[in-house]
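Asker: Before I ask anything, let me first share the structure, which is written out below as structure tokens.
The values are calculated or read from the model by the stated rules, or taken from the named source; none is laboratory data. All values reported here derive from a predicted model rather than from experimental measurement. Neighbour counts run over all protein chains shown; Cβ positions are idealised from the backbone, glycine included. Heavy atoms of the whole protein, side chains included, go into the accessibility calculation; ligands, DNA and RNA do not. Shrake-Rupley method; radii C 1.70, N 1.55, O 1.52, S 1.80 Å.
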Amino acid sequence: MAGACGRTYRIDPKLDPAACNALTQTASGLLVPGTEVTGIAPGTAVGTERSVDVDVTPPAAGACPETWQVGARLTPVFGSRIAGMADLRTSAIGQQVVLPNSQVLLPEPGVYRLTAHLFAIATWNFNGRHIASITALWVNTTTNAFVPGSPRWVILHDEPGTVNPATGLKSIGGNAVCEGFVSITAPTTYEIRGLRATADGGTQANANLQHYLAGGIPQLGIMWQKVSD
């Protein structure tokens, strides 16, 4: 500033030295920190730690006041597929058989819901009582541990009847929804497995049972969705 007799004086501001003071006195002048808000472009992901995208729209150049628009969107990963058909005719009683194309890779840490819409059919070619079941369950392919709460009877039947004289066969079908929740800390693969059982104790029954388990025909198939980080 100009003083008496044409003299010029420089007056430096006095800054509070408290740590919470964001202003800084530098050799070239007073430094005032600026704030820049950045976000994620719509349609992209923040990362595997959080299933949320944050969108930030900056103000127009020269706008006064500067108005920032900030929004957030839930973006949990999910997927679906149509499974094939498992032939259980030659499997041992209680042996787990993988349902083809039922494998799902859960890609990131979190809690997931696994769902499988399944259909099964059993056919036999002898008269007399026939007690049998087809069970399905979700299984971790690495540990072979089943998902708690997921085992379901797709078919559980007790048939005392006779075969169809025209075909020499008798059949029964059923469907079920097999689902459960899993919590993972790294990418993990799960799959549907089916197994059959009989309770009539006859070797003829075991030899002639024709058991199939299908996913997706005519049901909706295999689905998974992340529900929590």
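Asker: Would you pick out the residues in region 168-187 that are within 16 Å of Thr143 (Cβ to Cβ), outside any strand (DSSP E or B) and open to solvent by less than 70 Å² (accessible area, probe 1.4 Å)?
Answerer: Matches in region 168-187: Ala186 only.
Asker: Condition first: touching a Lys or Arg at 6+ places or on another chain (Cβ under 6 Å) and open to solvent by less than 80 Å² (accessible area, probe 1.4 Å). Now tell me which residues in region 84-96 satisfy that.
Answerer: Going residue by residue through region 84-96, those that are touching a Lys or Arg at 6+ places or on another chain (Cβ under 6 Å) are 88, 96.
Correct list: Leu88 only.
Asker: Right, next: Pairs under 9 Å by beta carbon, first residue part of a strand (DSSP E or B) in region 91-119, partner among the acidic types (Asp, Glu) and crowded, with 19+ Cβ neighbours inside 10 Å, six or more apart or different chains?
Answerer: Val98/Glu191; Val104/Glu191
Asker: Right, here's the next one. Would you check which residues across region 49-59 are touching a strand residue (DSSP E or B) at 6+ places or on another chain (Cβ under 8 Å) and either open to solvent by 80 Å² or more (accessible area, probe 1.4 Å) or under 30 Å from Ile184 (Cβ atoms) (or both) and list them?
Answerer: Here is the first cut: in region 49-59, the ones touching a strand residue (DSSP E or B) at 6+ places or on another chain (Cβ under 8 Å) are 51-57.
Scanning region 49-59 gives Ser51, Val52, Asp53, Val54, Asp55.
Asker: Give me the residue from region 60-83 that is part of a loop (DSSP other than H, G, I, E, B) and of a type in the set (S, T, N, Q) and, out of that set, surrounded by the fewest Cβ atoms within 10 Å (Cβ to Cβ). Outline the logic, then answer.
Answerer: Initial filter on region 60-83 (part of a loop (DSSP other than H, G, I, E, B)): 60-68, 75-77, 82-83.
Filter once more, keeping what is of a type in the set (S, T, N, Q): 67, 75.
On the way: Thr67: 10, Thr75: 17.
In this case the residue turns out to be Thr67.
Asker: Of all the residues that make up region 97-110, how many are within 17 Å of Ser150 (Cα to Cα) and open to solvent by 40 Å² or more (accessible area, probe 1.4 Å)?
Answerer: Total meeting the criteria: 2.
Asker: Please find, among Phe146, Phe119, the residue that is surrounded by 15 or more Cβ atoms within 10 Å (Cβ to Cβ), modelled with pLDDT of 85 or more, within 11 Å of Arg193 (Cα to Cα) and among the hydrophobic types (A, V, I, L, M, F, W, C). Before the answer, list the steps.
Answerer: On the way: Phe119 fails: within 11 Å of Arg193 (Cα to Cα).
After ruling out the rest, the residue left standing is Phe146.
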